[in-house]
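Here's the structure we're looking at; comments come further down.
The values are calculated or read from the model by the stated rules, or taken from the named source; none is laboratory data. Just so you know, these numbers come straight off a predicted model, no measurement behind them. Because the Cβ atoms are built from the backbone with ideal geometry, glycine has one as well, and the counts that use them run over all protein chains shown. For the accessible areas, the whole protein counts, side chains as well, though only heavy atoms, and no ligand, DNA or RNA atoms are used. Shrake-Rupley method; radii C 1.70, N 1.55, O 1.52, S 1.80 Å.
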Amino acid sequence: MNCSISGEVPEEPVVSKSSGLLFEKRLIERHISDFGKCPITGEPMTIDDIVPIKTGKIVKPRPMQTASIPGMLGMFQIEWDGLMLSNFALEQQLHTARQELSHALYQHDAACRVIARLKKERDEARTLLAQAERQIPMSVAAPDTVTAAALTNGKRAIEDGEMGPDGKRVRPGISNSVISELTDCNAVLSQQRKKRQIPSTLAPIDDVERYTQLTVNPLHRTNKPGILSMDILYSKDLIATAGADSNAVVFDRSSGQVVSTLSGHSKKVTSVKFAAEGELVVTGSADKTVRVWRGSEGGDFDCRHILKDHTAEVQAVTIHATNKYFVTASLDNTWCFYDLASGLCLTQVEDTSGSAEGYTSAAFHPDGLILGTGTSGALVKIWDVKSQANVARFDGHIGAVTAISFSENGYFLATAAQDGVKLWDLRRLKNFRTFTPYDENIPTQSVEFDHSGSYLVLGGSDTRVYQVANVKSEWNCIKTFPDLSGTGKTTCVKFGPDAKYVAVGSMDRNLRIFGLPEENNGPSEI
């Protein structure tokens, strides 16, 4: 008798009390712990429902290829060919690593020479400045100093504003015209959402279940590996990644080529978003700044604004549905609402409830009048954008809220933290489901609904795709992608257009694309 799961003769046979089916003990126990039901009949099933069977020692039949000398020689030849291919791949990787190391050493040497020259020029400039200050009266020097400080290489959109009596910068606020624009956008999107149907081009569940790794794209430097954030421009199939190497990269998935590398931040880039149909890219960084990049005709992106309104690491950037405004969230316990074109900070909002936790994630509701933020203190806060009032709080997580995502239907909110993923019903303001896919020492780093609201993907020590259901129905895990980076940390996940592929970033420097093999148009590098 054979196991109903593997089809092979079981080593430790057990039988189900309810169905009478025979299983391999280790396989059925793992399936029950993951799904809690029979893999054949689908009925609820527990460990107590299986009974071990005592049998004599089972001798597995000899495979056909080992029944003759020619068959064994053929089997040995196949193993030898596989060993040689593996050895060749390792030699290629070693050669590539040596080239990268040589290039890195050359860059390091060049950087040391540049730093030494810059230090010398800085010392000379300080000497000349000291001599000039002794010769020029302070009344004349002061305006010149202010003028020089205001010029930041043409990169900052506005000058530092006036300071209020509390020592904080005075902001112009969100005007009535902006609020009217946000309200009109909300009305249009809400009406469209009610009529929206799931597109016929959406990848069906059967296709998602057959997804496999298509490409591995090394986008960031090896000295500081790690992709921390990701965004996809559906109209052009461009993927932007934020790296621990202080760079952001714009990647064309269809051609498999890097379009542009956005260099300028001095520390890791924690968040990246496309805006204005790909004409702009907004990045947030641990260097406390936000940069707005504009694309040029040649495909490169040039830095247009450097925004320095936060006093701690910028952890999240989210773009409003109008494509005219964006919000940044920081560990300084504030979030800023910006005008995208000018880079002007219209308002900087601080939670006045007394909590000192910084913000670790943020996302706009699809209709644009609600902002969701996650904090380092395990809280999820919901804000009314028009009044900048905190209208709801969700607790129950353990650890920092690492990711937040609204469903396209406008009713569901998914949040990720150390203890897994929680799903919230925004109509009743309560948690209706919790996923704990990993143990307590492995946080869930990312969670994302697809654009149609039909699938949910989360990333931790692996990547898992769930089928979205309603509040009362079961949300089934339909696909699990193992971590192929060797780091055990999937940091960001996102669905491609119509969920035709899943993009995965992890703590190595590679962007991985999972999908159907026939859907792959780009080159593969393993």
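For the range 445-476, a residue qualifies if it is of a type outside the set (Ser, Thr, Tyr) and open to solvent by 40 Å² or more (accessible area, probe 1.4 Å), and the qualifying residues are GLN445, GLU448, HIS451, ARG464, GLN467, ASN470, VAL471, LYS472, GLU474, ASN476.
For SER485, the requirement of being within 16 Å of the chain's Cα centre (by Cα), closer than 30 Å to SER177 by Cα and surrounded by 15 or more Cβ atoms within 10 Å (Cβ to Cβ) is not met. Applying the criterion of being of a type in the set (Ser, Thr, Tyr), under 17 Å from GLY299 (Cα atoms) and open to solvent by 10 Å² or more (accessible area, probe 1.4 Å) to the residues of the range 249-267, the residue that is farthest from the chain's Cα centre (by Cα) is SER255.
Note on the range 1-105: enclosed strands (runs of 3 or more DSSP E) holding 2 or more residues that are surrounded by 12 or more Cβ atoms within 10 Å (Cβ to Cβ) are 13-16, 22-24. Looking across the range 411-431, the residues that are closer than 19 Å to THR490 by Cβ and open to solvent by 30 Å² or more (accessible area, probe 1.4 Å) come down to GLN418, ASP419.
Within the range 261-293, being closer than 17 Å to CYS336 by Cβ and among the small types (Gly, Ala, Ser) holds for SER271, ALA275, GLY284, SER285, ALA286. Of the residues examined, ALA242 is one that is under 20 Å from GLY460 (Cβ atoms) and of a type in the set (A, V, I, L, M). When the strands (runs of 3 or more DSSP E) confined to the range 419-526 are screened for residues that are closer than 21 Å to GLU209 by Cβ, those reaching at least 3 such residues are found at 446-449, 455-459, 463-467, 477-481, 490-495, 501-506, 510-515. Look at (1) in contact with a strand residue (DSSP E or B) (Cβ under 8 Å, 6 or more places away or on another chain); (2) surrounded by fewer than 19 Cβ atoms within 10 Å (Cβ to Cβ); (3) closer than 21 Å to LEU182 by Cα; (4) touching a residue at least 40 places away in the same chain (Cβ under 8 Å) and you find that CYS345 fails only one, number (2).
Could you grab me the full set of residues in the range 233-245 that are in contact with a Ser or Thr (Cβ under 8 Å, 6 or more places away or on another chain) and either open to solvent by less than 20 Å² (accessible area, probe 1.4 Å) or among the β-branched types (Val, Ile, Thr) (or both)?
Within the range 233-245, THR241, ALA242 meet the criteria.
Quick check on the range 343-386: of everything there that is among the hydroxyl-bearing types (Ser, Thr, Tyr) and modelled with pLDDT under 90, which residue is nearest to SER175 (Cα to Cα)? Taking the candidates together, the pick is THR352. Filtering the range 373-410 to residues that are open to solvent by 40 Å² or more (accessible area, probe 1.4 Å), outside any strand (DSSP E or B) and β-branched (Val, Ile, Thr) leaves ILE398, THR402. For LYS119, the conditions (1) modelled with pLDDT of 90 or more; (2) open to solvent by 90 Å² or more (accessible area, probe 1.4 Å); (3) farther than 30 Å from ASP302 by Cα all hold with the exception of (3).
One residue stands out in the range 187-200 among those that are of a type in the set (S, T, N, Q) and farther than 19 Å from PHE495 by Cβ: the one that is least open to solvent (accessible area, probe 1.4 Å), namely SER190.
Within the range 201-232, being part of a strand (DSSP E or B) and open to solvent by 20 Å² or more (accessible area, probe 1.4 Å) holds for THR212, GLN213, PRO218, LEU228. Where strands (runs of 3 or more DSSP E) fall wholly inside the range 268-320, the ranges with 2 or more residues that are small (Gly, Ala, Ser) and under 22 Å from the mean Cα position of the chain (by Cα) are 269-275, 280-285.
Do we have LEU413 as within 17 Å of ALA378 (Cβ to Cβ) and in a strand (DSSP E or B) here? Yes; evaluated as a whole, the condition is true for this residue.
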